[in-house]
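Contents: one structure, followed by commentary.
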Amino acid sequence: MPALVLLGAQWGDEGKGKATDLLGGSVDYVVRYQGGNNAGHTVVVGDQKYALHLLPSGILSPGCTPVIGNGVVVDPSVLFSELNGLNERGVDTSKLLISGNAHIITPYNVTVDKVTERFLGKRKIGTTGRGIGPTYADKINRVGIRVQDLYDESILTQKVEAALDVKNQMLTKLYNRRAIAVDQVVEELLGYADKLAPYVADTVLVLNQALEQDKVVLFEGGQGTLLDIDHGTYPFVTSSNPTAGGACTGAGVGPTKISRVIGILKAYTTRVGSGPFPTELFDEDGEALRRIGGERGVTTGRDRRCGWFDAVIARYATRVNGLTDFFLTKLDVLTGWEQIPVCVAYEIDGKRVEELPYSQTDFHHAKPIYETLPGWSEDITKAKSFTDLPKNAQAYVKALEEMSGAPISAIGVGPGRDETIEVNSFL
Ligand code: GDP
Ligand code: IMO
Ligand code: MG
């Protein structure tokens with residue numbers, strides 16, 4: 001049963017796109033199971049750089065079928081602009097499959113996302129403004145629009161009416177905005193129906209049949225464990241489940257089918273948007289990590305907050321996802337530091353705490369307790385095997401592995417496909 005889940009072990013932007021693309025050549029299906037175009041996955045192939053938001057990173061591997069599962073939220077305008085962008089660069093996207101049960105990000109949900117954030121002021125989440133939260137809220141409130149609704153005008157109109165009933169009250173009375181007309185939304189959505197039709201499929205059936213035939217299926221998470229709506233730093237999270245269980249609900253595949261869960265782990269930590277971040281650096285080291293690591297958001301262009309590696313978070317990710325492996329990325333970015341601090345535990349109100357506290361208040365008070373590991377200065381970007389790494393880099397990887405609770409099976413030493421050290425095979 002070769003079903004693998006690949007997900008972020010921190011706050012996103014760990015290098016999931018690169019890792020998925022790397023495996024893409026050997027898998028039959030790559031499936032997005034949650035999130036939407038809030039994701040920003042960078043893939044570098046030779047001298048070509050691709051930024052993917054909604055599409056699974058497997059779309060760049062010719063033999064692989066990319067799938068947008070039922071758990072994903074789809075903005076059709078973004079979908080077609082991403083597809084067109086890839087087609088113009090010679091990428092064949094015709095194999096893409098989209099679940100008829102996936103929810104649509106409607107234009108009013110993009111508006112609601114933006115006005116809600118403005119209204120929250122200082123307390124804002126720092127969302128990507130792509131309508132993600134309001135679309136999942138509609139799904140849970142049972143007033144969402146699904147891809148299949150585009151094929152029944154009368155149902156679609158009724159559903160848009162139901163969704164806009166309350167929203168227009170809120171927009172006009174609370175936020176002082178103009179009401180949104182049902183007809184306009186329906187017309188815009190119907191305009192996508194024919195173009196979407198060739199991609200729409202019963203993806204649950206397709207994926208389960210593929211697994212029965214021993215095909216290799218890779219589930220690609222958007223975001224990261226600490227942004228998970230249930231297991232992340234709520235309320236500073238995204239509105240879906242990037243953690244491993246999300247792959248089952250978001251693609252319709254049972255947990256008994258999953259054979260491996262790979263956590264993508266950056267050799268230091270970053271975060272975009274608001275919320276607690278114990279190892280965040282506000283000094284020259286933070287600035288240097290941002291500069292050397294190119295830590296700028298792929299989706300919103302915001303500078304990422306940067307800090308040292310946090311082993312408490314990595315251990316937590318191992319636990320809530322049942323990780324079988326880590327893929328450590330961006331080790332090359334740490335080249336040049338004489339000493340590298342690693343957070344091994346927190347101090348919370350005078351007490352040493354080894355595991356992530358379940359209380360939000362405690363986590364906000366958590367101060368990192370660091371151990372310092374010796375750095376290295378040699379260029380590691382050409383390293384092809386673990387033993388090619390300088391001794392101190394090897395020791396850094398081994399220390400992280402020990403602290404994080406799962407084997408590090410691959411190590412990224414640069415953004416390119418081939419800039420990876422494979423320690424254990426994933427397949
Ligand atoms: P994702 O959202 O998890 O797919 O990650 P992003 O693409 O948002 O951010 C990761 C960034 O790191 C991208 O610019 C990648 O090209 C880059 N990257 C990935 N792995 C490595 C690595 O091992 N070394 C370096 N230097 N860059 C990497
Ligand atoms: P990838 O897939 C980093 C963050 C936003 C914000 C919070 C909620 O590239 O790792 P949302 O628009 O989802 O409602 O915003 O989640 N966020 C991400 N941060 N990488 C991402 O995706 C993110 N997707 C959402 O910055 O703090
Ligand atoms: Mg990203």
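The values are calculated or read from the model by the stated rules, or taken from the named source; none is laboratory data. Keep in mind that this is a model prediction, so the values were computed, not measured. Glycine also receives a Cβ, built like all others from the backbone with ideal geometry; neighbour counts cover every protein chain displayed. To get the accessible areas, we keep the full protein, side chains included, count just its heavy atoms, and leave off ligands, DNA and RNA. Shrake-Rupley method; radii C 1.70, N 1.55, O 1.52, S 1.80 Å.
Structure values in brief
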quantity	calculated
Alpha-carbon centroid distance for the pair the range 85-109 / the range 242-281, whole angstrom	23 Å
Loop chymotrypsin sites (Phe, Trp or Tyr not before Pro), the range 316-377, which have at most 14 other Cβ atoms in a 10 Å radius of their Cβ (DSSP)	Tyr358
Within the range 298-359: Cβ-based charge dipole about Cα centre, in debye rounded to nearest 20 (Lys, Arg +1; Asp, Glu -1)	200 debye
The range 103-194, accessible surface, carbon-and-sulfur percent (1.4 angstrom probe)	50 percent
Theoretical FRET efficiency, 1/(1+(r/R0)^6), r = Cβ-Cβ of Lys122 and Asp214, R0 45 Å, to 0.05	0.25
Gyration tensor over alpha-carbon atoms, the range 1-137, equivalent ellipsoid semi-axes in Å	27, 16, 15
Radius of gyration and Dmax over the Cα atoms of the range 190-317, both given in Å	18.4, 53
Computed [θ] at 222 nm, deg cm²/dmol, the chain (DSSP H ≥ 4; -39,500 (n - 2.57); rounded to nearest 500)	-9500 deg cm²/dmol
Sites excluded, GluC sites (Glu not before Pro) in DSSP loops with at most 15 other C-beta within 10 Å, longest stretch of the chain	1-337
Electrostatic dipole magnitude of the range 103-194 [Cβ: Lys, Arg +1; Asp, Glu -1; Cα centre; debye, to 20]	880 debye
Residues with amide H under 5 Å from that of Leu97, placed H, sequence gap 5 or more	Val67, Ile68
Kirkwood Rh and Cα Rg combined as Rg over Rh, evaluated for the range 268-427	0.95
Set of aspartates and glutamates near Lys159 by C-alpha distance (under 16 Å), chain-local residues within fewer than 8 positions excluded	Asp138, Asp149, Asp183, Glu187, Glu188
Beta bridges by DSSP in the chain, antiparallel share as percent, to the nearest 5	40 percent
Chain lengthening between Ala395 and Ala51 when straightened (0.36 nm per residue, less Cα-Cα)	120.5 nm
Label point distance in nm, Ile292-Lys351, each placed 7 Å from Cα along Cα→Cβ	3.7 nm
The chain: Rg to Rh, with Rh as the Kirkwood radius over Cα pairs	0.97
Computed label-point distance, nm, for sites Asn176 and Thr381 using a 7 Å Cα→Cβ extension	5.1 nm
Global geometry of the range 189-265, whether rounded, prolate or oblate, following the gyration tensor of its Cα atoms and the 1.5 cut on a/c	oblate
Global form of the range 103-194, assessed from the alpha-carbon gyration tensor, a/c cut-off 1.5	prolate
Full-stretch length increase - Glu402, Glu422 - with 0.36 nm per residue and alpha-carbon distance subtracted	5.4 nm
